[in-house]
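Taking it in order: structure first as structure tokens, then the write-up.
The values are calculated or read from the model by the stated rules, or taken from the named source; none is laboratory data. Because the structure is a prediction, the values reported are computed rather than measured. Backbone-built Cβ (ideal geometry, glycine too); neighbour counts: all protein chains shown.
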Amino acid sequence: MSLRPLLGAVLALALASYHCTVVRQVPGTDTTFTPAEALPRHRALRFYTLSNARMAFEENTKGTLAPGKLADIAVLSQNILTVPAGDLLRTEVDYTIVGGNIAYTRE
């Protein structure tokens with residue numbers, strides 16, 4: 001059984017969550033909530049990377065790209081820090097690298 005569909009769904013969910021964090025809108029609806037709580041994109045990305053590594057006590061091996069760290073990364077189809085907010089949900093994961101190996105490639 002291939003885990004590919006599951007991995008694709010997890011990656012899409014992570015991008016939808018990032019979108020919601022920075023624009024405070026529920027994807028696929030006109031519902032906007034607490035817009036004053038929207039985070040700047042750089043800060044949201046930091047929360048999804050370094051802050052999560054810290055919460056797992058793994059900041060010495062994960063969370064940033066630095067010599068000696070694992071460098072598990074996702075390469076995206078567009079820059080989520082600069083793309084217009086309306087285009088964030090169109091972002092796709094081109095491929096991921098986990099443990100130095102390509103773990104996912106968009107078909």
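It is to be established whether one or more residues within the range 22-36 are touching a strand residue (DSSP E or B) at 6+ places or on another chain (Cβ under 9 Å) and among the small types (Gly, Ala, Ser).
The answer is no; no qualifying residue exists.
Which ones in the range 63-82 are part of a loop (DSSP other than H, G, I, E, B) and closer than 18 Å to Leu11 by Cα?
Matches in the range 63-82: Gly63, Ala71, Asp72, Ser77, Gln78, Asn79, Ile80, Leu81.
Which one of these does Glu107 not meet: (1) farther than 18 Å from Ala12 by Cβ; (2) among the charged types (D, E, K, R); (3) outside any helix (DSSP H, G or I)?
Result: Glu107 fails condition (1) only.
Of the residues that make up the range 39-56, is at least one part of a loop (DSSP other than H, G, I, E, B) and among the aromatic types (Phe, Trp, Tyr)?
No: zero hits.
Determine the pairs where a residue that is farther than 16 Å from Arg46 by Cα, located within the range 57-76, has a partner that is surrounded by fewer than 12 Cβ atoms within 10 Å (Cβ to Cβ) with Cβ atoms under 6 Å apart, the partner being 6 or more residues away or on another chain.
Pairs that qualify, where the first residue is farther than 16 Å from Arg46 by Cα and the partner is surrounded by fewer than 12 Cβ atoms within 10 Å (Cβ to Cβ): there are none.
Could you tell me which residue of the range 16-30 is modelled with the lowest pLDDT, considering only residues that are surrounded by 17 or more Cβ atoms within 10 Å (Cβ to Cβ) and polar (S, T, N, Q)?
Once the filter is applied, the top-ranked residue is Gln25.
Please give the number of the condition Ile102 fails out of (1) exposed (fewer than 13 other Cβ atoms within 10 Å of the Cβ); (2) in contact with a strand residue (DSSP E or B) (Cβ under 6 Å, 6 or more places away or on another chain); (3) assigned to a helix (DSSP H, G or I).
All conditions pass for Ile102, except number (3).
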